[in-house]
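Inspection log for the structure reproduced underneath, given as structure tokens.
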Amino acid sequence: MHGQGLVTMSMREVDRMKVIQAVADGHLARWRAAERLGISARHVRRLVLRLLEDGPGGLVSRKRGRSSNRQLPPGLESRVRGLIRDTYADFGPTLACEKLRERHGIEISPACVRRIMIDAGFWVPRKLRPPKVHQPRNRRACLGELVQIDGSDHPWFEDRAPACTLLVYVDDATGRLMQLLFVPTESTLAYFTATRAYIERHGKPMVFYSDKAGIFRSNQRQTPEERGYTQFGRALFELNIDSLCANSSQAKGRVERMNATLQDRLVKELRLREISGMAAANAYAATFVADFNARFGKVPRSDFDAHRPLRGDEDLERIFSWREWRKVSQSLTLQYDKTMYLLEDRPEHRRLIHRYIEVAEYPDGRVALWADGTSLPYTTYDRFPDVDQAAIVEHKRLGHVLAIAARVQALRDSRHQVGPSRTLSGGPPRGAKAAPNVKRQRLINRLDLERAIAGPDRPTLRPAQVPPASTTAPPSTPQQAFNPAQTARPCRHLDLASPTTFEQSLDNGL
């Protein structure tokens, strides 16, 4: 209010006053006004009383003209501004807030510090900053001095086949395509296969230039046990190849522009040749690379080839494998990817008890155990076996029990979280979340078992549908009525893979 009898209102408040006035005059029902204003009928009644008591000024927010409850104490903002001007003028808002709290005991939020610094001109918001200028840089002088790598996920076969990923290797000095490989997804094992083919064909380059994907750079907070490198970075380290990660897509623009070119030219070439699979596309890739480089390859400033040959002690198959360390137990066993590996009982193997040995998984799916540079023989024992339908014998009782076990196992979340992504060897892509309608092993309860026993064609009995026990049966009869209301307890000690235990459970009424 600026004076007696003068009220300042917004257009929204004026419209609300007209509706409340109509209710006060009896021209509009209270519930209808509540619908128009989007408030409750009780609040409409309060506004009517306020209008009758205070007039139009009663409908204006009572906080108007008052100081905010969240304002800083008097003099604190000027003190903070002075401290920032004298000591923290070049600090960011978050760091300045931390130093104000640590060194001066001033408890103030980073947002408030940011506002003070913006008003004083010490900080420029990102939206008001001028855009960054990415100037072109000169190409490297030698072939193999810098190779840019990237994966392009695209429908390369259009509607003839599902989308896949193309791994692209581009030399920075010449702009030539050095390696193309079609893979199901961008994974560590896929880059292992492509990089090994590159080295076998051209030799070892000086540097691989990539983005900051988790394959090339560890993006998680490191623990004291971790060493801060990825499996791909470890392989390049063993080959004495440096790895650089770009801060932006513009920094590795050569391979990004190459992806756009391939998504135009290569897609059309595959269509003209009626290629609809990754195997045929990989076979044609060498012909396409040779023709593309002959057309668009540049001559390097230096004739020196920076690729280096392999040393005699560098085994590419061993280097390009997923490696993890596992401890050998007292019973000469170790666990990897939900599978138990059993070592043969030999004197030389007994010396490995309580020692860590290396588990190597190759791109083709093979797993090898290494200790002291020697591959160890082993047998496997799957702790979570699935029911093999072909193994069901001609026995009515056993076949029924195994069918129930198969239905229960279908409800279990059996995702493999250990090891690399195995899409290169035909495995499904690893999802970040569990599939719908699946449960953890410990969350499968007796209601799930009862539904599996009922089968897809038989309805599950509700508590009201459970038939009463026969009055002629003795009280000690083992066949008692099953009560689904008692199915909240999880079955933690029931071995679904054991037919004998499962039959006993059925005989006991679960």
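The values are calculated or read from the model by the stated rules, or taken from the named source; none is laboratory data. Just so it is clear, the structure is predicted and the values come from calculations on it, not from any experiment. Virtual Cβ from ideal backbone geometry, glycine too; neighbours counted across all protein chains shown. What goes into the accessible areas is simple: the full protein's heavy atoms, side chains included, and nothing from ligands, DNA or RNA. Shrake-Rupley method; radii C 1.70, N 1.55, O 1.52, S 1.80 Å.
Positive contributions from Lys and Arg (+1) and negative ones from Asp and Glu (-1), summed over other residues with Cβ under 14 Å from the Cβ of Asp86, come out at +4. Counting only Cβ charges, +1 for Lys and Arg and -1 for Asp and Glu, the dipole size of the stretch 160-281 around its Cα centre is about 240 debye. Taking a sphere under 9 Å around the Cβ of Thr165 and counting the other residues whose Cβ falls inside, with K and R at +1 and D and E at -1, yields a net charge of -2. Rounded, prolate or oblate: which fits the stretch 161-224, taking a ≥ b ≥ c as square roots of the Cα gyration tensor eigenvalues, rounded meaning a/c under 1.5, else prolate when a/b beats b/c? Here the stretch 161-224 falls in the oblate category. In the stretch 177-306, the ratio of gyration radius to Kirkwood radius, Rg to Rh, stands at 0.99 when only Cα atoms are counted. Calculate, for Ala251 and Met206, the FRET efficiency according to 1/(1 + (r/R0)^6) with r their C-beta to C-beta distance and R0 22 Å; round to the nearest 0.05. For R0 = 22 Å, the calculated efficiency reads 0.80.
Based on the Kirkwood approach, the hydrodynamic radius assigned to the stretch 244-383 is 20.1 Å, with every pair of different Cα atoms included. For the residue pairs Lys204/Lys298; Lys204/Lys338; Lys132/Lys212; Lys212/Lys439, the alpha carbons lie more than 24 Å apart in Lys204/Lys338; Lys212/Lys439. Dividing the convex hull volume of the alpha carbon atoms of the stretch 241-290 by its residue count gives 118 Å³ per residue.
For the stretch 82-161, the convex hull spanned by the alpha carbon atoms encloses 271 Å³ per residue. The modelled label-to-label distance for the pair Ala260/Arg79, using points 7 Å beyond Cα in the direction of Cβ, is 5.5 nm.
Annotation: lysines with alpha-carbon distance below 24 angstrom to Lys63 (same-chain offsets under eight excluded): Lys18.
At 0.36 nm per residue, minus the direct Cα-Cα distance, what do Arg351 and Asn138 gain on full extension? Give it in nm, one decimal, please.
This chain segment gains 71.0 nm when fully extended.
Surface listing: Leu177, Leu424 arranged by accessible area from highest to lowest gives Leu424, Leu177, probe 1.4 Å. Size of the stretch 287-341: Rg and Dmax of its alpha carbons, in Å, are 22.4, 63.
Fully extending the segment from Trp325 to Ala29 would add 99.0 nm, taking 0.36 nm per residue of separation and subtracting the current Cα-Cα distance.
Sorting 52-65, 244-257 by average packing, meaning the other beta carbons within 10 Å per residue, from highest down gives 244-257, 52-65.
Subtracting the Cα-Cα distance of Lys268 and Arg64 from 0.36 nm times their residue separation leaves 66.8 nm of extension gain.
Rounded to the nearest 0.05, the FRET efficiency derived from the C-beta distance between Lys439 and Ala41 at R0 = 56 Å is 0.75.
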